[in-house]
Amino acid sequence: MDKKRLTKILARADRREVAAMSAEILKTCRPVILKEPGKTLAMIKMREPVKQSLFYIGEVIVCEASVEIDGARGIAVLMGDDAEKTLDMAIIDAAVNKGLFEGESKLLELEREQNAEIMRENALFLKTMVNFESMDGEAPNDLNAFKKA
Amino acid sequence: MAYVAVSGGREAIEESIRLLDYHKSGTDKDIEIEAIENKLSLLVDRVMSEAGLYAKTYAALALKQCEGCVEEAVFLLRAYRSTLTRNYYTNEVDTEGMRIVRRVSAAFKDIVGGQILGATYDYTHRLIDFRIGEEIFEDARKNMQALLAAQTPEPVAPCPRVSDGLRKEGLLDVCAKNDQKPLDVTMNAPVFPAERSARLQTLARADTGFVSGLAYSSLRGFGQAHPTVGELRCGYAELCVPYLFDENESVYIGEILLTEVECFNAADDTDRLKLTAGYGAVFGRNENKAIAMAVLDRELDAGGRYPAQNEEFVLTHGDSLEMNGFISHLKLPHYVTFQSKLDAVRKTRGTEHE
């Protein structure tokens, strides 16, 4: 599992789920905290479609932490200020890098639940999709109409 | 008149600050931060946008602290932000792939991906609903959760931009990707003519009322003709930062809600016409600001004699903190400078009243 997928599942998960996974790791090893969880900023870089250039829309508060398990380092960066969850995520990352993490099936289960939740929410939004009914049988093609206007 | 330094008022100031709580003490009821964050979310979005800081809970906290005053809340967030380091820059945010919650086009009725109204006040009756005063929010939440749980999941599909079709047809200019590092106006004040990145960042952070008013002036005739909203999209965009130990990996840090707009205008293209586009993007659900930003982006590209087309005018007068700070300072003691003005006026009027 790549880091983006791993961190996406963990970031979306309830902090108690993440804490439970971290607690499993702590049963067998003692991570060294290299960087205590603390707040910092991330600047958000966007690409606009008109001239295809880059700009910064603003910043977001993130919490970061770094740990080490038997020489394997792990980090976490998470939007918001949940220090405990960030530390737990760093521990999980270090365990993954050390090859000690055994919770992949749990991660996949969480991912399925998260995706289902997002898709249910998406269904709510899609219910507001407009079905246009033309009142003119000879309505012109939209794009062509716009060009003539 | 000699210059006389004065001091005083310390106790009065302390009492004045204490009195702020008096204005909040008219009820035993408190308003929870979570309630502000979720029930006044458009206000929270506005504060985050104008502060240039996406932090919902802190924006809600700031609003509670200052009795819902937008400019004070912006000030508080900016001040807090200045105490933090900035250790990360996100990867380029893919707004084309955003999880759409609302998307409309005023240019075409049939767009790939469809027109999704999402949640909007556009079609509501603007009549005060007095039942809200008696609403039991627990029930409202339970009802919505039940509604959500009853949905049949629908896969999330990214929607291509409306402007893509026009570019393919050659009606809109196609630009190559420009990877020039953006200017950061929080670190460097823009010089004029400003880089495009400075313009967009400044407008994204600008006061909603200022941006809207200027765009309105343009629509009323102090600028180009009526633009068309080619696409307004609101949705969740993923934020990722590079993974420290492997440059080929990235870390998902969360998602933010954004509103993005492209407006179209007709413009000369030597012996024929073409379309041009203006762009707006803001934190949260703040459609009018995003549309106004897109209008101003296009006005500034076009240039001209009106205020909305004057880059320095537009980009230096819309920052909430700066404008309100400057206006606010007018009420602070100006005893010496005003005395000087008074002396000058008196001199011109003779000495009969001395």
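Just so it is clear, none of the values below were taken in a lab; they were calculated from the coordinates. Values in this document were obtained by computation on a predicted structure and should not be read as measured data. A quick note on method: Cβ atoms are made from the backbone with ideal geometry, for glycine too, and the neighbour counts reach across all protein chains shown.
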### Query
Based on the alpha-carbon gyration tensor of the stretch A:3-126, what equivalent-ellipsoid semi-axes (square roots of 5 times the eigenvalues) come out, in whole Å, largest first?
28, 21, 12
### Message
Suppose a student asked you for the relative contact order of the stretch B:134-230, using Cα pairs under 8 Å spaced at least 6 residues apart; what percent would you report?
### Response
16 percent
### Pairwise label distance in nanometres, residue B:152 with residue B:274, each label 7 Å out on the Cα-Cβ vector
4.6 nm
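Classify the stretch B:99-325 from the C-alpha gyration tensor, please: rounded if a/c falls under 1.5, else prolate or oblate depending on whether a/b exceeds b/c.
Working: a/c = 1.44, a/b = 1.34, b/c = 1.08.
Judged from the Cα gyration tensor, the stretch B:99-325 comes out rounded (a/c under 1.5).
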### Query
Which order, highest average first, do A:9-18, B:149-158 follow once you tally other Cβ atoms within 10 Å for each residue and take the mean per peptide?
A:9-18, B:149-158
### Query
GluC sites (Glu not before Pro), restricted to the stretch B:95-151: which are DSSP loop and have at most 13 other Cβ atoms within 10 Å?
B:135
### Query
If you count, for every residue in B:157-170, the Cβ atoms of partner chains within 10 Å of its Cβ, what is the mean?
1
### Query
According to the square roots a ≥ b ≥ c of the eigenvalues of the Cα gyration tensor, what is the shape class of the stretch B:10-81, taking rounded for a/c under 1.5, prolate for a/b larger than b/c otherwise, and oblate for the remainder?
oblate
#### Entry: Cross-link table A:3/A:27; A:3/B:181; A:4/B:181; A:4/A:45; A:35/B:39, entries beyond 29 Å C-alpha to C-alpha
A:35/B:39
### Message
Can you classify the protein assembly as shown as rounded, prolate or oblate using the Cα gyration tensor, where a ≥ b ≥ c are the square roots of its eigenvalues, rounded means a/c under 1.5, and otherwise it's prolate if a/b beats b/c and oblate if not?
### Response
oblate
## Note on the structure
Per the rule of 0.36 nm per residue minus the C-alpha distance, extending residue B:222 to residue B:181 adds in nm 11.4 nm
### Task
Could you work out, residue by residue across B:108-120, how many beta carbons of other chains sit within 10 Å of that residue's beta carbon, and then give the average as an integer?
4
### Task
Report the full-extension gain for the segment residue B:32 to residue B:125: residue separation times 0.36 nm, less the Cα-Cα distance, to one decimal in nm.
30.6 nm
### Query
Ranked from highest to lowest mean number of other Cβ atoms within 10 Å per residue, what is the order of the peptides B:10-23, B:218-231, B:29-42?
B:218-231, B:29-42, B:10-23
## Note on the structure
Expected unfolding gain across residue A:68-residue A:52 under the 0.36 nm per residue rule, minus the alpha-carbon gap, is 1.7 nm
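When you look at the Cβ of every residue in B:273-280, what mean number of other chain Cβ atoms sits within 10 Å?
Mean shielding by partner chains, rounded to a whole number: 2.
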#### Entry: Residue-by-residue Karplus 3J(HN,Hα) for the stretch B:11-24, coefficients 6.51, -1.76, 1.60, Hz, glycine and proline x
5, 4, 5, 4, 5, 4, 5, 5, 5, 4, 5, 4, 5, 9
### the protein assembly as shown - mean residue ellipticity at 222 nm from DSSP helices (-39,500 (n - 2.57) per run, n ≥ 4, rounded to 500)
-13000 deg cm²/dmol
